[in-house]
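Presented below is the structure to which this report refers.
The values are calculated or read from the model by the stated rules, or taken from the named source; none is laboratory data. Every value quoted in this text rests on a predicted model; they were computed, and no experiment measured them. Note that we place each Cβ from the backbone using ideal geometry, even for glycine, and neighbour counts take in every protein chain shown. These accessible areas exclude ligands, DNA and RNA; they are computed on the full protein's heavy atoms, side chains included. Shrake-Rupley method; radii C 1.70, N 1.55, O 1.52, S 1.80 Å.
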Amino acid sequence: MKVSIIGGGGLVGSMTAFALQCGGVISRICLIDANKDMAQGQAIDLLHGASLVADQRISAGDFDEVANSNIVVITAGLRRKPDESRLDLINRNVDLFINLLDQVKSAGFKDNAYLVVVSNPVDVLTYLAVRRSGLPWQRVIGLGTQLDTARFRSYLARRLNVPATQVQALILGEHGDSMVPIWSSATVAGLPLEQWPGFSPVVQREVFEETKTAGAQLIKLKGGSGFAVGLSIREVVHALALDSQRVLPVSTLQQGAYGVRDVCLSVPTVVGCGGARQHVEFELTQKEKLGIQQSAKILGETIDQVDKRIGQAKNGQPVPVSVSSKASPTTGRPIPRTAWQKVAGS
């Protein structure tokens, strides 16, 4: 299994490579970056530790490496400025992303490859990738609120003085200002969070505010998120590589869950071989459901603005996605193996 990381010389890309190296699941890791010296330096540094971690082949390369990559991760992007929302990045990052995507397409995707989008604003760029990559939409996955969810759980654990791994809570919707905390299903060790000693409306409000502003805080303190985002990306990559069918809050093209269509945002998604195998629509409070719909409205408006700027009309034009023989993710039926694997062992 080979993973190529576009933007691998930067903070997020290199941290992703390190997280994958420590995970020991991926056998080949290739770093691709406009700054070739930086990519080469990061690859050499990782290689130095290879004998201490796992038997992996680690290298730096060019876009032609995409052609034999099972998973392509795009982390490259212009950094968000302090106090700038992720959606404010749109005009500065869309052109860069489209250029990178065109180079990836020119290199050619391996059969049954996956594209994982990390660059911000991730939901908008994931939507563009679905439309322009030529891959079935199930194989285009944005990191979405996976990182926000990790932050959310960790902040809750710290405030309640409980192990972080025993906190289960989700952030859904947009990876940005309209993200939605799902309090109704949050638990500690399987017990309702709202009944946990020390939990209160004040804690609830303060923890969500910490989560929502975490990215901006890290930009001010150290230039951006690194460790946690690398680990969050690893969760997605490992789910694809191992067909673990983990339920993750990743950004994918929506097909009707919670009344949302034709945008990419995060809902609980079963991730495994074939990509987004199923969207899981469980019962939410009315406030939470409306929050997800508001995220979709904001993202839809932003996509319309992007389409006007890059000369593509979204309204009245169907999204050109390939669904092959895969089932709709809202049906609850798993995607058959024949839909994602041509021959055994491929």
Size of charge dipole - segment 198-245 - debye, nearest 20, with Cβ of Lys, Arg +1 and Asp, Glu -1, no other charges
220
Looking at the chain, what % of its DSSP beta bridges pair antiparallel, to the nearest 5?
50
Segment 112-236: antiparallel DSSP beta bridges as a percent of all, rounded to 5
70
Which of the trypsin sites (Lys or Arg not before Pro) found in segment 100-182 are in a DSSP loop and have at most 12 neighbouring Cβ atoms, other than their own, within 10 Å?
none
Once you place label points 7 Å from the Cα toward the Cβ at Gln168 and Lys36, how far apart are they in nm?
4.9
Would segment 248-305 count as rounded, prolate or oblate if I go by the C-alpha gyration tensor, calling it rounded below 1.5 in a/c and otherwise prolate when a/b exceeds b/c, oblate otherwise?
oblate
Can you classify segment 167-266 as rounded, prolate or oblate using the Cα gyration tensor, where a ≥ b ≥ c are the square roots of its eigenvalues, rounded means a/c under 1.5, and otherwise it's prolate if a/b beats b/c and oblate if not?
rounded
First measure r as the distance between the Cβ atoms of Ile44 and Thr285, then evaluate 1/(1 + (r/R0)^6) with R0 = 35 Å and state the FRET efficiency to the nearest 0.05.
0.10
Summing -39500 (n - 2.57) over every DSSP H run of at least 4 residues in the chain and dividing by its residue count gives a helix-only mean residue ellipticity at 222 nm, to the nearest 500 deg cm²/dmol, of -12500 deg cm²/dmol
Going by the alpha-carbon gyration tensor, a ≥ b ≥ c the square roots of its eigenvalues, is the chain rounded (a/c under 1.5) or, if a/c is not under 1.5, prolate (a/b greater than b/c) versus oblate?
rounded
How large is the convex hull of the C-alpha atoms of segment 146-221 per residue, in Å³?
91
Bridge orientation stat for segment 168-324 from DSSP, antiparallel percent rounded to 5, came to 100
Net charge over other residues, Cβ less than 12 angstrom from the Cβ of Ser154 (K, R count +1; D, E count -1)
+2
With all pairs of different alpha carbon atoms counted, what Kirkwood hydrodynamic radius in Å does segment 1-51 show?
10.5
Just read off the accessible area of Ser266 with the full protein assembly in place, 1.4 Å probe, to the nearest 10 Å².
0
List the trypsin sites (Lys or Arg not before Pro) in segment 218-303 that DSSP assigns to loop (not H, G, I, E or B) and whose Cβ has at most 14 other Cβ atoms within 10 Å. Which are they?
none
With the radius of gyration and the Kirkwood radius both derived from the Cα set of segment 111-191, what is their ratio Rg to Rh?
1.10
Expressed as a whole number of Å, what is the distance separating the alpha-carbon centroids of segment 89-116 and segment 217-252?
19
List the DSSP H helices in the chain whose Cα atoms stretch 30 Å or more along the helix axis and whose mean Kyte-Doolittle hydropathy is at least -1.0.
286-310
Using every Cα-Cα pair within segment 1-148, state what percent have a distance larger than 22 Å.
36
